[in-house]
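Where a number appears in this text, it was derived from the coordinates with a stated rule and is not lab data. Keep in mind that what you see is a predicted model, and the values were worked out from it rather than measured. In this analysis, Cβ positions are derived from the backbone assuming ideal geometry, glycine residues included, and neighbour counts consider all displayed protein chains.
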């Protein structure tokens with residue numbers, strides 16, 4: 001908002017500035033008169049500033065609403081705010097021309113656009129590119145995603161590593177199949193509950209704690225939620241099509257809701273507070289499981305996961321590894337940082353390529369499999 005400091009002229013009568021010879025017209029009275037008139041002038045000034053500011057804001061909004069084509073934004077570039085002007089310049093560079101009409105023809109014909117690490121803040125000029133199906137805006141300075149609500153043909157959208165807090169405007173993008181919001185400041189996921197075609201969703205490194213809005217996204221196949229504030233996994237129990245789920249670095253104690261996700265092939269639960277792995281015994285399609293940095297003592301529930309190729313159990317409180325002998329397809333097994341005394345029961349794991357046993361209480365440091373180089377003590 002621009003502020004004009006022009007003070008409207010104030011008409012003062014001649015008599016107001018004439019000092020009579022009468023004692024009644026003292027210097028005090030003169031000062032009072034002057035102060036009254038100054039206050040009047042100031043009031044008019046402030047009213048003018050307020051009124052002008054309001055009109056200026058309306059004019060700006062009206063101008064923005066009138067820019068319905070990219071060529072409009074381009075031709076009005078000199079009058080735009082610096083952030084919008086920068087976005088227009090980035091798009092002109094992408095179009096490889098400074099000619100507004102030619103740039104519009106090129107840009108509106110695009111179905112894919114990659115604008116990563118371009119210091120973009122204002123997305124308004126992008127709202128005109130309605131043919132886009134794939135848009136990558138990773139690593140910019142975006143806070144407001146409202147302009148993207150017009151891009152209803154989008155199938156894939158990456159907004160990773162920005163400064164986004166509100167995702168409600170994305171609720172119109174019902175054709176989205178892939179959405180990446182990793183590394184933002186999102187806490188409320190309500191705006192995503194309408195995206196029923198999503199198959200891949202990345203929300204790592206945000207401020208998420210309530211997963212209820214995700215319960216309706218039953219087409220999801222890959223969901224990543226590491227480094228958030230999640231404790232309750234119950235809303236995920238409906239996501240039966242998931243085959244990859246990342247929940248590392250949260251506040252999870254119970255994994256019971258995950259027992260229904262029998263299509264899972266990859267599951268990350270590192271750095272939580274899980275002590276009971278029993279609910280995971282039903283996940284017999286798992287090929288990758290990370291349970292490191294938890295509070296697990298008993299590994300018997302994992303004995304049913306016979307398709308596992310990689311298992312991370314380091315930094316827990318495990319003493320007995322015998323139940324793991326059934327996992328004969330294991331190629332990598334991390335058991336460092338536990339309380340294990342014997343590893344000979346693991347001799348059945350003939351396909352091991354790496355067995356990490358550092359920082360345990362081993363009585364015998366003989367590698368249970370060959371070659372011995374597989375083991376690290």
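Data for the structure
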item: Region 67-206: projected area of the alpha-carbon convex hull, averaged over directions, in nm²; result: 7.3
item: Backbone N within region 327-350 under 16 Å of label point (7 Å from residue 281 Cα along the Cβ vector); result: 327
item: Projected area averaged over orientations for region 226-377, convex hull of C-alpha atoms, nm²; result: 7.6
item: Inter-probe distance in nm under a simple model that places probes 7 Å from Cα toward Cβ, at residue 72 and residue 114; result: 3.1
item: Length added when fully stretched, residue 263-residue 105, from 0.36 nm per residue minus Cα-Cα; result: 52.4 nm
item: Estimated FRET transfer efficiency when R0 is 41 angstrom, pair residue 174-residue 364 (beta carbons, to 0.05); result: 0.10
